[in-house]
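Contents: one structure, followed by commentary.
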């Protein structure tokens, strides 16, 4: 008869420890709550978030009325701001830093090319590495931007670093990508 009471004693201990562990884990998890905020601007049918900073500012793109074009946005303090373009029809926001500066790509006046941009109260064209198109993908807290661009003649695609008003070609690891920008990178052609 001692075996069953010994087993019950151990079972009670195991269950007690398990329940205590479950309670402690549950209590720790209960303190973390999340909310989902709808960022749809109310004019187009949808929006896409691409980057977020520690303050909860978001960048991405939202479709405009009629869903035929999209613009980069900055969501901050409950307000979605349309960042505009570089004179063309469309733009996309990809990266955002702690100061709320945004980088991405925007179509130029003729809509035949896209250029990387920096948004800091206004949109600045960062140019290219000599080719027709570029896109900014990330921005650090110093305002340095990284992305990719076609080189002269649109022959190859290289990484770049934009810093202190200058775009530097970072080259490749020996390859030579000769593909073309996808629709999210080059707005003038449908893929």
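The values are calculated or read from the model by the stated rules, or taken from the named source; none is laboratory data. All values derive from a computational prediction rather than experimental measurement. Cβ placement follows ideal geometry from the backbone for every residue including glycine, while neighbour counts extend to all protein chains displayed.
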Of the residues in the range 25-47, those that are modelled with pLDDT of 80 or more, surrounded by fewer than 16 Cβ atoms within 10 Å (Cβ to Cβ) and touching a strand residue (DSSP E or B) at 6+ places or on another chain (Cβ under 7 Å) number 2
Sort through 138, 100 and tell me the only one that's in contact with a strand residue (DSSP E or B) (Cβ under 7 Å, 6 or more places away or on another chain) and assigned to a loop (DSSP other than H, G, I, E, B).
-> 100
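So is residue 161 in a strand (DSSP E or B), touching a residue at least 60 places away in the same chain (Cβ under 8 Å) and either within 17 Å of the chain's Cα centre (by Cα) or surrounded by fewer than 18 Cβ atoms within 10 Å (Cβ to Cβ) (or both) or not?
On the way: in a strand (DSSP E or B): yes; touching a residue at least 60 places away in the same chain (Cβ under 8 Å): no; either within 17 Å of the chain's Cα centre (by Cα) or surrounded by fewer than 18 Cβ atoms within 10 Å (Cβ to Cβ) (or both): yes.
So residue 161 fails the test.
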So which residues in the range 48-76 are touching a residue at least 24 places away in the same chain (Cβ under 8 Å) and in a loop (DSSP other than H, G, I, E, B), if there are any at all?
-> 53, 54, 55, 57
Which one of these is over 21 Å from residue 168 (Cβ atoms), at pLDDT 95 or above and surrounded by fewer than 24 Cβ atoms within 10 Å (Cβ to Cβ): 130, 100, 138?
-> 100
Quick one: which residue in 109, 79 is without any contact (Cβ under 8 Å) to a residue 12 or more places away in the chain and either outside the structural domain of residue 149 (by TED's automatic domain parsing) or surrounded by fewer than 16 Cβ atoms within 10 Å (Cβ to Cβ) (or both)?
-> 79
